[in-house]
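Quick note: the coordinates plus some simple rules give every number you see, no bench work behind them. As the structure is a computational prediction, the values presented were derived from the model and not from experiment. Backbone-built Cβ (ideal geometry, glycine too); neighbour counts: all protein chains shown.
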Amino acid sequence: MPTVELVNVSKRFGKVVAADNVNLRVEDGEYVAVVGPSGCGKTTTLRIIAGLIKPDEGKVLIDGVDVSDVPPEERGVGFVFQNYALFPHMNVWENVTYGPWVRGWDERRMSEVAREMLSLVNLSGREDAYPRELSGGMQQRVALSRALATETRLLLLDEPLGALDAKIRVELRREIRKLVKDLEVTAIHVTHDTEEALMVSDRIVVMRRGRIEQVGSPKEIYFKPKTLFVAGFVGEMNFLEGIVTEKSSDVITVKLEGSKERIVVRGEDGDFRRGSRVVVAVRPENLTIGSVEEGSPQGEIESAFFLGSIIKVTILLSNGVQVTTYVPPYSDVKVGERVSIYFDPSDCILFTHPGIPLTEALRG
């Protein structure tokens, strides 16, 4: 299984910086997901690894060997595209065996590998079908089989599930991860879907404006985001701006901006002094609502949407800030009802205020 390393990689398209001094190492057998908003450079980075785009600066190492000038077909990489990119005039068997055939494999070896790949993706018996006769999920399975049929040890996936229906996407997420792990392949998976990234990956790379914002395990990225952007991009998050009024050890009291109300948080990391502006981030699942209580943040329920397993409730606080929480599906919540919000001081993340409008700090 190969390691992949990007060293000081940069790429520009005119005035647009698609990759800005990117440094990343993917270990043997890792499944790494790269996420970020449109235009952040994630697909450019993937194509640089594949050799489809040449970087302006820096180098690409595969198993410690500099392949920056090596053409794509000689890098030993399997690539899966969002639009499947199957040959429409070839049936499933011909699509899957195309790579081995081009490489001059003998018939026996080619057939054995193709049968194994089709069996792994549950397409045995559909060898004679053409792409137009298959569902989107089946076509993507064929694309995966074709990418892996050359016995590549490095699999690159560019939004592989983006064109599929929601239910099929969830099913294929599990299948792709199992396939990658069963075959002991190193995989780099680009997606804009953070839920997908959390589900399939060993580590997540969050990109913004051509740079890497944070690299970590799914739990690290979700529970311990290092920047406001990561906190807002991965999963839902509520943000409350305020000013530190008291500090005792790691317990900090914050007065909300535009309000006299105060909240208590824990701020173990960072230099949060009295008078400094901060942003408190709290996940909807960690925020609860109850009867109005003096001194606690309060507001009016603006909306309550039944989503089956939960009701998603939006509250407009007295200072004009919207927050979201989830309540059980049997809860009796009413639009227009006044409530207070609560959360455990340990269930939030404290950031130094960026000094610019929060919408700008969170924008991709």
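How much mean residue ellipticity at 222 nm does the chain get from its helices, if each DSSP H run of length 4 or more adds -39500 (n - 2.57) and you divide by all residues, to the nearest 500 deg cm²/dmol?
Taken over the chain, the calculation gives -7000 deg cm²/dmol.
Going by alpha carbons, how many degrees (0 to 90, nearest 10) lie between the helix axis of 136-148 and the longest principal axis of the chain?
Helix 136-148 and the main axis of the chain meet at about 60 degrees.
Tell me which label goes with the value of semi-axes √(5λ) of the Cα gyration tensor in Å computed from the coordinates here: [x] 46, 25, 15; [y] 28, 24, 21; [z] 33, 27, 20.
So the structure-derived entry is [x].
Taking H placed 1.01 Å from N in the peptide plane, check which residues at least 5 places from S276 or on another chain put their amide H under 5 Å from its amide H.
The answer is V244.
Which distance in nm do the two modelled labels at T359 and N319 give, with both placed 7 Å along the Cα-to-Cβ direction?
1.8 nm
In the range 29-102, what chymotrypsin sites (Phe, Trp or Tyr not before Pro) fall in a loop by DSSP, with at most 12 other Cβ atoms inside 10 Å?
Sites meeting the loop and neighbour criteria: none at all.
Once the other residues with Cβ under 12 Å from the Cβ of R274 are scored (Lys, Arg +1; Asp, Glu -1), what is the net sum?
Net local charge, R274 excluded: +2.
Taking the alpha-carbon centroid of each part, what is the distance from the range 86-131 to the range 282-325 in angstrom?
Answer, in whole Å: 53.
Students often forget the sequence filter, so: which lysines lie under 28 Å Cα-Cα from K219 once same-chain residues fewer than 8 apart are removed?
K42, K167, K178, K181, K312
Quick one: grab Rg to one decimal and Dmax as a whole number for the range 192-311, Cα atoms only, in Å.
According to the Cα coordinates of the range 192-311, Rg and Dmax are 16.7, 46 Å.
Comparing L316, L161, L144, which has the greatest mean-square fluctuation in the GNM of the chain with Cα pairs linked when under 10 Å apart?
For the chain, modelled as a Gaussian network with Cα springs under 10 Å, the answer is L316.
Determine the percent antiparallel among the DSSP beta bridges restricted to the chain, to the nearest 5.
75 percent
Placing unit charges on C-beta atoms (Lys and Arg positive, Asp and Glu negative, everything else neutral), compute the dipole magnitude of the chain about its Cα centre in debye, rounded to 20.
Result for the chain is approximately 600 debye, rounded to the nearest 20.
List the residues whose amide H sits under 5 Å from the amide H of Q214, counting only those 5 or more places along or on another chain, with H placed 1.01 Å from N in the peptide plane.
Answer set, sorted by chain and number: V206.
Relative contact order for the range 4-231 using alpha-carbon pairs under 8 Å, separation at least 6, rounded to a whole percent?
Relative contact order comes out at 29 percent.
Grab the other residues whose beta carbon is less than 9 angstrom from that of H192, score K and R as +1, D and E as -1, and report the net.
Charge balance near H192 sits at -2.
In the calculated pair distance distribution of the range 49-148, what percentage of Cα-Cα distances lie above 22 Å?
Counting every Cα pair in the range 49-148, those more than 22 Å apart make up 37 percent.
On a 0 to 90° scale, report how tilted helix 166-182 is relative to the longest principal axis of the chain, with both axes built from alpha carbons and the result rounded to the nearest 10.
Rounded to the nearest ten degrees, it is 60.
Of the listed peptides 242-255, 330-343, what is their order by residue-averaged count of other C-beta atoms within 10 Å, with the highest listed first?
The densest-packed peptide leads the list: 242-255, 330-343.
Give the angle, between 0 and 90 degrees and rounded to the nearest 10, that separates the Cα long axis of helix 107-120 from the longest principal axis of the Cα atoms of the chain.
The helix 107-120 is inclined about 30 degrees to the chain.
Hey, for a label at E257 modelled as a point 7 Å past Cα toward Cβ, could you say which residues of the range 317-352 have their backbone N under 16 Å away?
From the range 317-352, the list is 317-323, 350-352.
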